[in-house]
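The structure under discussion appears below in the form of structure tokens.
Here, each number is a calculation from the coordinates, and none is a lab measurement. This one's a predicted model, so the numbers in the text were calculated from it and none came from an experiment. Quick reminder, even Gly has a Cβ in these numbers, built from the backbone with ideal geometry, and neighbours come from all protein chains shown.
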Amino acid sequence: MNKSLVLIPVLLSASFVSVAKAKSTKIKRPNILFCIADDAAIKYLSAYGCKWVNTPAFDQVARKGLLFNNAYTCNAKSSPSRSCIITGRNSWQLKEAGNHVPFFPAEFKSFIEVLNENGYSVGYTGKGWAPGEPGKINGINRELTGKNYSDIRLVPPTNSISTCDYVANFNKFLSEKEDKPWFFWYGGMEPHRNYEFGSGIKSGHKKLTDIDKVPDFWPDNDSVRNDMLDYAFEVEYFDNQLHKILDILKKSGELDNTLVVVTSDNGMPFPRVKGQSYEMSNHLPLAMMWNNGIKKQGRIIDDMVSFSDFAPTFLKIANIDWGKSGMKTTAGRNLTDIMFSDKNYQVTKTRNHVLIGRERNDVGRPNDEGYPVRGIVKDGFLLLKNFETDRWPGGNPKTGYLDTDGSPTKSVILNQKRQGKNDYFWNLSFQKRDSIELYDIRKDPVCINNLAGQKIFSKRVNDMENLMNRELQKQQDPRITSNGAIFDNYPYAGPEKDYYNRFLKGEKIDAGWVEKTDFEK
């Protein structure tokens, strides 16, 4: 298992363009190192103030470049989040690829394929675009994130961490590439589950008391704290590999003209986070460093940016015309206005909101139905619209709540309800939800107090929903414009397809991402 838009005033717009042109004339096309953790949350990296998770390499990138406070994926699950990254389109614009474990549609090119066609060497190690079927060109699997460099293995510090030697494989890529600019995707498989229980204490030398606060939607006990420490140890492992990769670049003399981007695909693999649509689900870490390109290093950026912004950014700095690239129209906006500015905090006023959503993440509901949501984050509020409120958001109880990875934390929550001790945490993670949810994420970042029913917030709800719907209409979201059920009907590419119906007929199907004890009788 693989571990609205308001026009910028003309003068301001022109100034950004002129700065970008001035910078581009002084530098050659940069290398691009894209580093993506698997399920790492923004809340638990030291650059963002966490005291019990140490990420010095991420912190270095932020200190010598840019630290983004408001980066969001449009969809908090591996496949659709990574599909958004590589295409520059939101998940609801990607047909099958709007779901988890899809057959990737042939009509959508990835920016890595475009870079490869335009003079870049491209490759990846670990987890690239996944899970799902990438499709074929002339009978050969598409390389959506480049050539795979994952053959070199190592003995990891725990039995749950990947044996992929990310650093050695990156070194191999550098030694084999042609003498031209390059793109490389470091796809860490950490901190994806499973974890070796107790590894945070045993191998990470942490203590339960290191954790200053357990999020209010989980019980605070030793099992949950151990689970969080085990997660932290794997985040630190990802960061340690990043440190070694940056060291290779420094020693080779290639660091200065390499754009380094470090992020994650979605929030941490715990109940009410990964695969859901709350603040801790979609709000993700992002740091960028480029010594030869980024103006005024060490800035903190408050602009709202989306993962759909990555692809247009990378083609822009590679001097590739999007309109001639074969890429479909992007929902994103390249980030050079921020990179080539000297401003802190809010750089571009119109970067003031982002859209999020989900369709089918994991199977386990009747007929492989998903849990469709659309949302918008603006002015410190998160609005969510749940389209099918009769469905279970965390997955059907009979089939193990498959939309929520198995974990000690999940087991604690389920057992507390089963034993009649406490159903508060179960309700937060697994109970059916209201059609409209509104949260003040500045005061309530864990999204527990739904404000949507309060009259004082009715105008805000209407304004945010209207803006969201206008933009989704422009993006031709089937959930808004035509037949949203099409997402439920797209085939699932994994062996667990039609899980619910097969399971109820008595078939034994291995859903390796949950525990056997997760299933309700």
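Once the other residues with Cβ under 13 Å from the Cβ of L402 are scored (Lys, Arg +1; Asp, Glu -1), what is the net sum?
Numbers: positive: K77, K274, R360, R365, R391, K398, K410, K497, R502, K516; negative: D362, D368, E369, D403, D405, E496, D498, D510, E515, D518, E520.
Summing Lys/Arg as +1 and Asp/Glu as -1 gives -1.
Can you tell me the relative contact order of segment 132-269? Whole percent, Cα pairs under 8 Å, sequence separation 6 or more. Could the numbers behind the result be given before it?
Numbers: 110 pairs, mean separation 28.9, N = 138.
Relative contact order of segment 132-269: 21 percent.
Taking the Cβ of N118 as the centre, find all other residues whose Cβ is under 13 Å away and add up their charges (Lys, Arg: +1; Asp, Glu: -1). Cβ neighbours under 13 Å give a net charge of +2. Summing charges over neighbours of A106, with a neighbour being any other residue whose Cβ is under 15 Å away from its Cβ, gives +1 when K and R count +1 and D and E count -1.
Using Cα pairs closer than 8 Å and at least 6 residues apart in sequence, work out the relative contact order for segment 355-518, in percent.
On the way: 241 pairs, mean separation 49.6, N = 164.
Result for segment 355-518 is 30 percent.
When D247, D38, D498 are arranged by Cβ crowding within 10 Å, least crowded first, meaning fewest neighbours, the order is D247, D498, D38.
Which of K43/K398; K77/K244; K385/K455 have a Cα-Cα distance over 24 Å? Intermediate results must be reported in sequence, preceding the final value.
Working: K43/K398 32 Å; K77/K244 27 Å; K385/K455 18 Å.
From the list (K43/K398; K77/K244; K385/K455), the Cα-Cα distance tops 24 Å for K43/K398; K77/K244.
Nearest 500 deg cm²/dmol is fine: what mean residue ellipticity at 222 nm does the chain get from its DSSP H runs of n ≥ 4 alone, each adding -39,500 (n - 2.57), divided by its residue count? Present the calculation step by step, with values, prior to reporting the outcome.
Working: 16 runs with 153 residues, N = 521.
Value at 222 nm, helices only, nearest 500: -8500 deg cm²/dmol.
Evaluate 2.2 N^0.38 Å with N set to the residue count of segment 73-114, then give the Cα radius of gyration divided by it. Don't skip to the answer; put the middle values down first.
Numbers: Rg = 9.0 Å, N = 42, 2.2 N^0.38 = 9.1 Å.
Taking N as the residue count of segment 73-114, the ratio is 0.99.
Annotation note: trypsin sites (Lys or Arg not before Pro) in segment 374-477 located in DSSP loop regions with a Cβ neighbour count of at most 10 within 10 Å are K421, R442, K443.
About the centre of its Cα atoms, the chain shows a dipole size close to 1020 debye [charges on the beta carbon of Lys, Arg (+1) and Asp, Glu (-1) only; nearest 20 debye]. With coordinates expressed along the principal axes, the C-alpha atoms belonging to segment 355-518 extend over 49, 40, 20 Å, beginning with the largest.
Could you work out the Rg to Rh ratio of segment 291-389, with Rh taken as the Kirkwood radius (inverse of the mean 1/r over all Cα pairs)? Intermediate values should be presented prior to the final figure.
Details: Rg = 17.5 Å, Rh = 16.2 Å.
Ratio of gyration radius to Kirkwood radius: 1.08.
Distance from the alpha carbon centroid of segment 437-516 to that of segment 160-204 works out to 31 angstrom. Taking the DSSP beta bridges with both ends in the chain, the antiparallel portion is around 50 percent. Over segment 109-202, the hull volume per residue, using the convex hull of the C-alpha atoms, is 116 Å³. Loop-resident trypsin sites (Lys or Arg not before Pro) (DSSP state other than H, G, I, E or B) in segment 206-251 with no more than 15 further Cβ atoms inside 10 Å of their Cβ: K207, K213.
Sparse packing (at most 16 other Cβ atoms within 10 Å of the Cβ) combined with a DSSP loop state is found for the following GluC sites (Glu not before Pro) in segment 129-181: E178.
Percent of alpha carbon pairs in the chain separated by more than 33 Å? Please list the in-between numbers first.
Details: 48949 of 135460 pairs.
The share of Cα pairs beyond 33 Å in the chain comes to 36 percent.
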